[in-house]
1. Just wondering, is there one or more residues in region 405-423 that are outside any helix (DSSP H, G or I), outside the structural domain of Gly63 (by TED's automatic domain parsing) and of a type in the set (A, V, I, L, M, F, W, C)?
2. When you go through (1) at pLDDT 85 or above; (2) assigned to a loop (DSSP other than H, G, I, E, B) one by one for Trp340, which number turns out not to apply?
3. Being among the acidic types (Asp, Glu) and surrounded by fewer than 22 Cβ atoms within 10 Å (Cβ to Cβ) is the filter here, so list the residues in region 236-294 that pass it.
4. Could you list, in sequence order, all residues of region 191-212 that are surrounded by 12 or more Cβ atoms within 10 Å (Cβ to Cβ) and either at pLDDT 85 or above or more than 22 Å from Ala33 (Cβ to Cβ) (or both)?
5. Quick one: which residue in Ala276, Ala328, Ala262 is within 25 Å of Ser388 (Cα to Cα), in contact with an Asp or Glu (Cβ under 8 Å, 6 or more places away or on another chain) and not assigned by TED's automatic domain parsing to the domain that holds Tyr38?
6. Does Ala276 meet the test of being under 25 Å from Ala156 (Cα atoms), modelled with pLDDT of 90 or more and part of a helix (DSSP H, G or I)?
7. Give me the residue from region 395-405 that is surrounded by 21 or more Cβ atoms within 10 Å (Cβ to Cβ) and modelled with pLDDT of 85 or more and, out of that set, farthest from the chain's Cα centre (by Cα).
8. Please go through region 406-430 and give me each residue that is more than 21 Å from the chain's Cα centre (by Cα) and buried (at least 23 other Cβ atoms within 10 Å of the Cβ), ordered by number.
Amino acid sequence: MSQPSPAPALSKETSGPKPTSFRWVICGLLFYATTVNYIDRSTLNTLEPTLRDAIHWRPYQYGLINAVFSLAYGIGFLVMGAMVDKVGTRLGYALAMIGWSLSGLCTAFTNTPLQFGFTRFFLGLFEAGNFPAAIKTTSEWFPQKQRATAIGIFNAGSNVGAVCAPLVVLFLVPWLGWRAAFFVTPFMVVIWLTLWLRLYRTPALQPRANDAERALIEADPIVAPVPAKWRNILPHRQAWAFMGGKFFTDPIWWFYLFWSGAFFSDKFGVKLTGVALPLIYIYILADIGSIAGGWLSSTLIKKGMTPNRARKTAMSVCALFVIPVIFAPLVPSGMAGGLWIAATLIGSAAAAHQGFSANIFATTSDMFPKRAVSSITGLGGLAGALGSVILQSVAGVTIELTGGNYLPLFVTAACAYPLAILFIHLFAPRLEQIGEARLETTPMPRGVTALIFAVLGFVVAVPISFYFQGDNRASCRLYDRKTLVTMTFTELSDELPRDLVKKADLGSPDKDAPKVTLDLKRDPTPAEAPKVAVLKSFSDGNVAYTVSKDHFKPGFKMGEYVAAVLPPGNIYKSPDRDKLLPPLLWSPLAGIGIGALLGMLLHGALFRASRKKT
């Protein structure tokens, strides 16, 4: 009888198909978009010295332009996130990108500070949509265990963009002019939009992702907690600890982002290359600080420190590294390597800020339930944007009134971080966790409502204050430098007698600041001297910014009178400092008072009625 054949050996269970990696393609698009975002906003820092000559803005106007951008960015935190939730990630992200690329493109066609500020407002409004849309995309395409990695990858685009912006300016502007720098990002956005609209679908509708990848993405249990409302968050001291920390420190980062280029130009007399290379150096140092700050607190927690002590220790170390930035404006301008010493001081402070920022963001999950983290983060971003509105306005006025002294601003930067730590510790001494019950039941204090409205009143009053400048807002036509020099040269050279002038030529009339060549046959008479002085000042490359209606007279001051060479009513004019300061003081103070009063009066209508409904 034949033996039964042995049973076949059991084979190992064959594994299913491996998940595709299409989600990382989506992450690459997020990285690309974030890089474009920061190239757009960082270009201005490198271009400021060039635009100062091209657009003829004053420091206070440049500060106001940055304040308007910051205000729009804060508004964008509220508007753009809701828009993305309403219309969906694919369309919402595309609309935000189209909006900020068109705003950046319009910047290339501006000729006045007002036009520039208008385009920057819309740039800030639409750019604020990048991070809400990117975060929502990662939640749709990545499992929870990979989500932090994906966010870290696309967020690195902010640092790459900040480094690329000076390079774009450095390579384009010398060849094509400053306007060319604002054509780069719209071109990059067209490429992104083509890829995004072609490739992006939700995982369930994306044929390039296989079933295994969809199963991996959907492996986490779907939890849709009700997001916390602001009226439930704001009554808590922990919320004000985080918002206060952001209010004090975020404006300092924006100060570095917008004013470093102007500082290097004013202090060391450098232009494009001299501005761009130190800025790249600063942003590279900032990247290092971002990693080191998060590593420090995590290491301290692993060694047994409580999160409260570890976070505050790390933030205190970062605050100490900021303090030396005070010496940046004190570096002698003629000192060998002085530019790079100042850049190192600012770069170290920027690195410390990034480390500080990493730790202050971590406190949100320490103090709030998960469903409230995104809301409190948004409130913190709004507080930081409002703080930046204030600092940018104050920075411009400070530089205007002090004749280019940056020391008060760097002292402010150094003091902001110790003040932030003190504020955080006073309001959240132990970073206590707020329970769900407390989150829902704590009523809104009337004083908090008054404070919110006082801050809003200040923010609204700052731009309004520039309207109440008396003669400074006279109906004048703003001539560019080239036109002013050409008109002045034509009129004055024709008026001077032929026996006085041997040669008077207008060289390089195609340039923004054409120079005058002036040779005299004899010494001018007292009556001729003022007009000769004007022409000589142009030949030295100096162009006055203030024009009066008064006619030339012996002993006139070049900084005050260039007079009567322009038709009445068409006067190239800059603000009178004595008339600039008063409205910049009383208008914001009035805004604070009126806002606080409105907050007290409207408190009941805003919160008590809404609480009854819930």
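1. no
2. (2)
3. Answer for region 236-294, where residues must be among the acidic types (Asp, Glu) and surrounded by fewer than 22 Cβ atoms within 10 Å (Cβ to Cβ): Asp266, Asp287.
4. Across region 191-212, the qualifying residues are Trp192, Leu193, Leu195, Trp196, Leu197, Leu199, Tyr200, Arg201, Asn210, Ala212.
5. Sole residue among the options that is within 25 Å of Ser388 (Cα to Cα), in contact with an Asp or Glu (Cβ under 8 Å, 6 or more places away or on another chain) and not assigned by TED's automatic domain parsing to the domain that holds Tyr38: Ala262.
6. Taking the combined requirement at face value, the residue does not satisfy it.
7. That would be Ile399.
8. Answer for region 406-430, where residues must be more than 21 Å from the chain's Cα centre (by Cα) and buried (at least 23 other Cβ atoms within 10 Å of the Cβ): Ile424, Ala428.
The values are calculated or read from the model by the stated rules, or taken from the named source; none is laboratory data. The shown structure was predicted, so the numbers you read here are calculated from the model rather than taken from an experiment. Neighbour counts run over all protein chains shown; Cβ positions are idealised from the backbone, glycine included.
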